[in-house]
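Contents: one structure, followed by commentary.
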Amino acid sequence: MTLRLYDTATRQLRDLDPVVPGHVGIYHCGLTVQGPPHIGHIRKEVVFDVLRRWLERGGHEVTIVANVTDIDDKILAKGEEQGRPWFAVAYENERALHAAYEVLGCRPPTYEPRATGIVPEMLEMIETLLERGHAYVAADGSGDVYFDVRSWPAYGELSNQRVDDMQAAPDAPPEGKRDPRDFALWKGRKDGEPESASWPTPWGRGRPGWHLECSAMAAKYLGHEFDIHGGGLDLRFPHHENELAQSRAAGQPFARLWMHNAMLNLSGSKMSKSVGNTLMVSEVVKRVPAIALRYYLVAAHYRSIIEYSEESLAEAVTAFERIDGFVARAAELSGGVVEPTEVTDAFATAMDDDLAVPAALAELQAVIATGNKLLAGGDSAELRATLGSVRAMLDVLGVDPLSEHWRGAAPAGGDRAALGSLVLALLEQRQQARATKDFATADLVRDQLAAAGVEVEDTPHGPRWSVKS
RNA sequence: GGUGGGUUGGCCGAGAGGCGAGGCAACGGAUUGCAAAUCCGUCUACACGGGUUCAAAUCCCGUACCCACCUCCA
């Protein structure tokens, strides 16, 4: 089985062809930790978490590197504004990002370096670019170092643009630049900026330009040539274009394949802080089970825009309840000892086809439909096999309710046991009432439980109950 | 001005020349003491206008609208 992915650089589906067979190196751009993550940010994490899980299931060893940009103009501005060190802002938001990984069941990257932790490597790379004639120190004495776009004829290859067709950046002060499209590798320290936000260099004190950290990190942790570079589609230009240019100009082949996830929109435009249409992960998770939020983010194809709405989120919650319901019922009947086994062929085919999760989910639903029929017959080998397969498929998407991660989210043991014995006592009363056809009493008990948030269903094997979230 | 992507049934959301995903909602039936859950069934669309083809949601041309990027951005 070969995974095919859509390569943004060549705009076609391509087979994954790892540099080192059996191993896949992935770099994806993390966050600039100037604020806590919103659900658009976390969509990217979920997408790459699914990619990792699928590759690992296919027997690949996966190394994922994602940067944390912990220094930039906005972080410095926030520190200033809040009257505390810039790094206090960065660390706080980095923790919020890690909390969001955890709450949505995303395994953290293998390595997650901070921009400020890779300054020497960046400086080495700048030296190389200077030597090769692809970079220059600004003539205005600012201490800025720029990449010379005109010196690199391939510039624009990733985003399929020609330098001459591009609009010149209107905001960037052109002072030290030879061409308005030249971008900063290194930014000289400006008056008023904290000393702690600068590092010594041959050109004076300064701090990293944004793009260079990714090139330096990818080279250090994945090698000069690696398999997949990912990130949000909004990073394709200029960020990824610039990364590609500087790495190649420094003599490194860089990423073999580029993978970009589409945005999550709210009110018709990209969720972003500057538009003000953001929904924080930490907030949404208070209203909706985290596993259902993950299902929502994972259910759409990663290259399709998700137009967020309360309705579509609510629908995802309902859709996931059907899946969760089957897993819970099947696990109860089979004694809860069925481990994930193998995904079905149709599921695998879908995932191999550019992570076609919607098609994979259609297959999952079909398997669950047969599983639901088996449920009527009580415990059976077929039921266990179906549950094992369903769990395997859910595990690939990171939404197996019986996995260690999500099971851990259930109420604490002691409380759960106390609740359970109370509910069972009431259900016993109800069963006695039903046995004597005293349905008024039976319904009263059920209503009381429902009022307390406990739902009761009668099955051929007796009543089952669950806490309504 | 340049570069990509999109417009599918009441809703969400796949597909990408013939065999018309899947889910949600709705309706009918089975099951149930009644429910719930489940199963069976019904409804069935491809922005608009041309064209190619035996056959187009799918290819081509044009039009409209939407999104992203060309400035920090997942």
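Could you name the aspartates and glutamates whose alpha carbon sits less than 20 Å from that of A:K78, not counting residues in the same chain fewer than 8 places away?
Here the aspartates and glutamates satisfying the reach criterion relative to A:K78 are A:D70, A:E92, A:E94, A:D191, A:E193, A:E195.
Once Rh for chain A is found with the Kirkwood sum over Cα pairs, what is the Stokes-Einstein diffusion coefficient at 25 °C and 0.890 mPa s, in µm²/s?
Estimated diffusion coefficient is 98 µm²/s.
Taking Cα centroids, how far is segment A:89-111 from segment A:200-266 in Å?
21
Averaged per residue, what accessible surface does segment A:367-435 expose to a 1.4 Å probe, in Å²?
49
Once R0 is set to 51 Å, what does the formula 1/(1 + (r/R0)^6) return for the Cβ-Cβ distance between A:K220 and A:T441, expressed as a FRET efficiency to the nearest 0.05?
Working: r = 71 Å, r/R0 = 1.38.
According to the calculation, E is roughly 0.10.
Does anything in segment A:190-210 have its amide N under 18 Å from the 7 Å Cα→Cβ label point of A:E81, and if so which residues?
Backbone N within reach: A:193-194.
Let me check something: with ligands and nucleic acids excluded, how do A:V65, A:V103, A:V163 order by accessible area (1.4 Å probe), largest to smallest? Intermediate values should be presented prior to the final figure.
Working: A:V65 0, A:V103 50, A:V163 20 Å².
Heavy-atom accessible area, descending, gives A:V103, A:V163, A:V65.
By its C-alpha gyration tensor, with a ≥ b ≥ c as the square roots of the eigenvalues, how is segment A:200-266 shaped: rounded for a/c under 1.5, else prolate for a/b larger than b/c, else oblate?
Oblate, since a/c reaches 1.5 and b/c is not below a/b.
Under a crude label model (7 Å from the Cα following the beta-carbon direction), how far is A:D140 from A:V275 in nanometres?
3.2
For A:K177, which lysines qualify as cross-link partners when the Cα separation must be under 19 Å and same-chain residues fewer than eight apart are set aside?
A:K187, A:K190
Starting from the amide H of A:V62, placed 1.01 Å from N in the peptide plane, find each other amide H under 5 Å away whose residue is 5 or more places distant or on another chain.
For A:V62, the qualifying residues are A:V24.
Where both residues lie in segment A:4-261, what percent of DSSP beta bridges are antiparallel, nearest 5?
40
Per residue of segment A:53-58, in order, report the coupling 6.51 cos²θ - 1.76 cosθ + 1.60 (Karplus, θ = phi - 60°) as ³J(HN,Hα) in whole Hz, putting x for Gly and Pro.
4, 5, 4, 5, 5, x
Check A:T32: other-chain or 5+ apart residues with amide H under 5 Å from its amide H, H built from backbone geometry?
Close amide H contacts, sequence-distant or interchain: A:T69.
Among A:S247, A:F183, A:W258, pick out the residue whose Cα is farthest towards the positive end of the charge dipole of chain A, where Lys and Arg carry +1 and Asp and Glu carry -1 on C-beta, about the Cα centre.
Working it through, the farthest residue towards the positive pole turns out to be A:W258.
Could you work out the relative contact order of chain A, using alpha carbon pairs under 8 angstrom and six or more residues apart, expressed as a whole percent?
So the answer I get is 16 percent.
Quick one: 3J(HN,Hα) in Hz for segment A:153-163, Karplus 6.51/-1.76/1.60 with θ = phi - 60°, rounded, Gly and Pro as x.
x, 7, 4, x, 5, 6, 9, 6, 10, 9, 3
Using 1/(1 + (r/R0)^6) with R0 = 22 angstrom and r between the beta carbons of A:D379 and A:E428, what's the FRET efficiency to the nearest 0.05? Numbers along the way, then the final one.
Details: r = 23 Å, r/R0 = 1.04.
Result of the calculation: an efficiency of 0.45.
Could you pull out every residue, at least 5 positions away or on a different chain, whose amide H is within less than 5 Å of the one on A:E307? Hs are placed 1.01 Å off N in the peptide plane, and Pro or chain starts have none.
Long-range HN contacts for A:E307: A:N265.
Show that you can apply the helix-only estimate: for chain A, add -39,500 (n - 2.57) for every DSSP H stretch of four or more residues, divide by all residues, and state [θ] at 222 nm to the nearest 500.
Helix contribution divided over all residues of chain A: -14000 deg cm²/dmol.
Using a Cα-Cα cut-off of under 17 Å, which lysines could be cross-linked to A:K44, ignoring same-chain neighbours fewer than 8 residues away?
A:K270, A:K273
In debye to the nearest 20, how big a dipole does chain A give about its Cα centre with +1 on each Lys and Arg Cβ and -1 on each Asp and Glu Cβ?
Numbers: 48 positive and 67 negative charges, 99 e Å.
That gives a dipole near 480 debye.
Can you compute 3J(HN,Hα) from phi for each residue in segment A:246-254, using the Karplus curve 6.51 cos²θ - 1.76 cosθ + 1.60 with θ = phi - 60°, rounded to whole Hz and x for Gly and Pro?
Once θ is set to phi - 60°, the couplings for segment A:246-254 become 5, 5, 5, 5, 8, x, 10, x, 6 Hz.
Quick one: with all protein chains in place, what share of the accessible area of chain A is carbon or sulfur, to the nearest percent (1.4 Å probe)?
Whole-percent figure for carbon plus sulfur exposure: 53.
Roughly how many whole Å is it from the C-alpha centroid of segment A:343-364 to that of segment A:37-60?
15
Just for chain A, what percent of DSSP beta bridges are antiparallel, to the closest 5?
That works out to approximately 50 percent antiparallel.
The values are calculated or read from the model by the stated rules, or taken from the named source; none is laboratory data. Computed from a predicted model, the values in this text were never measured in an experiment. In this analysis, Cβ positions are derived from the backbone assuming ideal geometry, glycine residues included, and neighbour counts consider all displayed protein chains. In case anyone asks, the SASA skips ligands and DNA or RNA and just uses the protein heavy atoms, side chains included. Shrake-Rupley method; radii C 1.70, N 1.55, O 1.52, S 1.80 Å.
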